[in-house]
Amino acid sequence: MIGSSFAHQIAMRSQLPSYRVGMTQDIKIGMLVPLSGPAMSWGQPGLNGCRLWEDWLNAAGGALIQGRRYPVRIIAEDCGYDAEQALEGARKLVLSDKVALLMMLGGDSFTPLRSFLNTHKVLTSTLLTSDLSPDSRYLIAPSEVHPVYNVTGVSWLTKTRPDLRKVALCSQTDALGLPSLATYRAAFAAAGVQVCKEIKYAPDSTDVATIVQPMLDAGADILCWCTSYTPMVHAMTEYAYAQGFNGQILSCTLDQYDRLVARTSPEYMEGTVFQFPDFDDPALAEKAFFFNQPSLFFSEYTRRFPDSWSAVSWEYAAILDIWHAAVEKVGALGTPSVMAAMKQMGRVSHAFGPAQWWGESLFGIDNALVGDWPVVTIQQGKARIVSFESVPKWLAAHETLLYKEMEALGQLWSQRFARKTVTLPLTARSLDIED
């Protein structure tokens with residue numbers, strides 16, 4: 001967010017002249033996210049949230065650019081978290097639809113598009129800071145800074161439960177899992193907690209017993225699922241329950257946690273730590289962030305899209321809010337101008353408060369917004385925020401540990417830069433509204 005919130009801007013517009021509304025030319029925004037497959041819960045719910053944002057903005061007259069209002073249209077393509085599918089979707093969105101902004105989950109679906117998007121100067125957002133590199137100048141992570149915020153869950157847990165001394169980690173070996181594993185390694189090292197077992201598994205693995213049983217056999221006090229996909233998080237949690245594990249569970253996400261509570265027990269899930277709140281959480285009521293009244297967004301979302309709230313339901317909409325403020329400030333859609341506005345205008349915030357641009361030390365470019373991030377636990381069957389922990393503060397003290405673990409797993413930008421990536425034929429691309 002730059003300046004006032006989207007909700008505040010909408011309220012103010014009702015008191016101002018509407019300028020020239022009803023322009024037939026629309027501004028197209030692309031979403032190239034997994035709408036199917038194991039990562040679907042990090043794609044489809046995000047699209048749902050963006051549909052709310054799209055409806056609210058257009059109902060208020062659209063985006064104001066140089067005295068004219070333009071409706072916004074979100075065009076979604078399913079990447080299935082598959083490289084070839086992502087390539088096909090990118091061709092359509094960039095070359096045919098000529099989107100002004102391309103939003104992605106990131107990871108393995110972004111890697112083959114790196115050269116193509118950079119050459120065409122497509123402003124692209126990712127939820128993964130580990131996608132950032134100097135050769136992707138127009139890639140930003142302004143909303144979710146996965147996996148760096150995971151240090152906050154470990155920091156809070158180990159401060160409040162000093163009796164937990166051994167952790168077992170598991171992660172899938174892809175561009176979502178490996179950076180997460182590196183981050184959890186660093187966070188537990190900073191907290192002085194011993195890693196007694198580490199399991200790396202193939203992204204398509206479904207053999208839960210071979211993953212979780214060795215973790216249980218190691219005598220861990222904490223089972224950490226890192227950023228495993230939702231189906232695996234559920235299956236591994238249920239397996240640990242069936243085997244009688246009564247220790248601490250830690251996970252990056254816990255989508256559809258109510259189903260886990262129902263399939264295990266409220267007592268078993270009590271105290272489980274993860275990183276994504278429901279937006280009706282009382283702790284968000286006084287937070288000055290982009291929706292202004294997050295509980296209203298949550299209630300409208302759950303009414304229109306029941307049983308689909310996930311870690312990303314709000315995150316792509318948060319990106320849209322930051323982008324929209326920058327576009328209206330500079331009165332243009334051109335990537336360089338919009339990026340400059342995002343980087344230089346006023347007070348910069350992300351969803352949970354003030355934030356700063358960071359990333360050069362690990363990823364070669366300061367294109368990620370880091371600030372406070374919530375730590376969430378299950379309390380009597382309901383997700384509740386227990387703390388807002390500072391990511392910059394942790395980095396100031398322990399960034400060298402994170403660098404070391406990222407390097408060990410080949411996740412530094414310089415290591416990724418050396419890898420072969422898929423490229424696309426270059427085709428001229430024009431913008432309807434230039435700098």
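The values are calculated or read from the model by the stated rules, or taken from the named source; none is laboratory data. Treat the numbers as computed from the prediction; the structure is a model and nothing was measured. Note: ideal-geometry Cβ built from the backbone for every residue, glycine included; neighbour counts use all protein chains shown. Side chains are part of the model used for accessible areas, which takes the heavy atoms of the whole protein and leaves out ligands, DNA and RNA. Shrake-Rupley method; radii C 1.70, N 1.55, O 1.52, S 1.80 Å.
Within the chain, the longest segment free of exposed loop sites, counting GluC sites (Glu not before Pro) that fall outside DSSP classes H, G, I, E and B and have at most 15 other Cβ atoms within 10 Å, spans 1-269. Straight Cα distances below 30 angstrom link Lys159 to the lysines Lys197, Lys200, Lys287, Lys382, Lys393, Lys404, with same-chain residues fewer than 8 positions distant left out. The three principal axes of the C-alpha atoms in the stretch 106-191 carry coordinate ranges of 53, 24, 16 Å, sorted with the longest axis first. What is the percent of Cα-Cα separations in the stretch 193-332 that go past 27 Å? Summing the P(r) tail past 27 Å for the stretch 193-332 gives 35 percent. Overall form of the stretch 143-203: oblate. Here a/c, set by the Cα gyration tensor axes a ≥ b ≥ c, is 1.5 or more, and a/b is not larger than b/c.
I'd like the carbon and sulfur percentage of the solvent accessible area for the chain, probe radius 1.4 Å, heavy atoms only, ligands and nucleic acids excluded. Exposed carbon and sulfur together represent 50 percent of the surface. Taking N as the residue count of the stretch 352-401, its C-alpha radius of gyration divided by 2.2 N^0.38 Å amounts to 1.41. Over the chain, accessible surface divided per residue gives 37 Å², non-protein components excluded, 1.4 Å probe.
Per residue, the convex hull spanned by the Cα atoms of the stretch 224-284 amounts to 87 cubic angstrom. Rounded, prolate or oblate: pick one for the stretch 68-108, where a ≥ b ≥ c are the square roots of the eigenvalues of its C-alpha gyration tensor, a/c under 1.5 means rounded, and failing that, prolate if a/b is larger than b/c, else oblate. Verdict is prolate for the stretch 68-108. Cα gyration tensor of the stretch 152-265, axes a ≥ b ≥ c as square roots of the eigenvalues: rounded (a/c below 1.5), prolate (a/b > b/c) or oblate? Because its axes are fairly even, with a/c under 1.5, the stretch 152-265 counts as rounded.
Among residues other than Ala86 with Cβ under 12 Å from its Cβ, the summed charge is -3 (Lys and Arg +1, Asp and Glu -1).
Peptides 31-40, 181-190, 90-99 ranked from most to least packed, by the mean per-residue count of other Cβ atoms within 10 Å: 181-190, 31-40, 90-99. Residue-normalised convex hull volume from the C-alpha trace of the stretch 273-372: 134 Å³ per residue.
For the stretch 321-385, the list of trypsin sites (Lys or Arg not before Pro) that fall in a loop by DSSP and count at most 13 other C-beta atoms within 10 angstrom reads Arg347. Here is how the number arises for the chain: DSSP H runs of 4 or more residues each give -39500 (n - 2.57), the sum is divided by the residue count, and the result at 222 nm is -11000 deg cm²/dmol.
Taking the inverse of the mean reciprocal distance over all distinct Cα pairs, the Kirkwood hydrodynamic radius of the chain comes to 22.0 Å. Projected onto the charge dipole of the chain (+1 at Lys/Arg Cβ, -1 at Asp/Glu Cβ, origin at the Cα centre), which of Val195, Gln248, Val94 gives the Cα projection farthest towards the positive end? Of the candidates, Val94 comes out farthest on the positive side.
Could you please put Trp42, Trp413 in sequence from largest to smallest accessible area, using a 1.4 Å probe? Intermediate values should be presented prior to the final figure.
Values: Trp42 10, Trp413 75 Å².
Solvent-accessible surface, decreasing: Trp413, Trp42.
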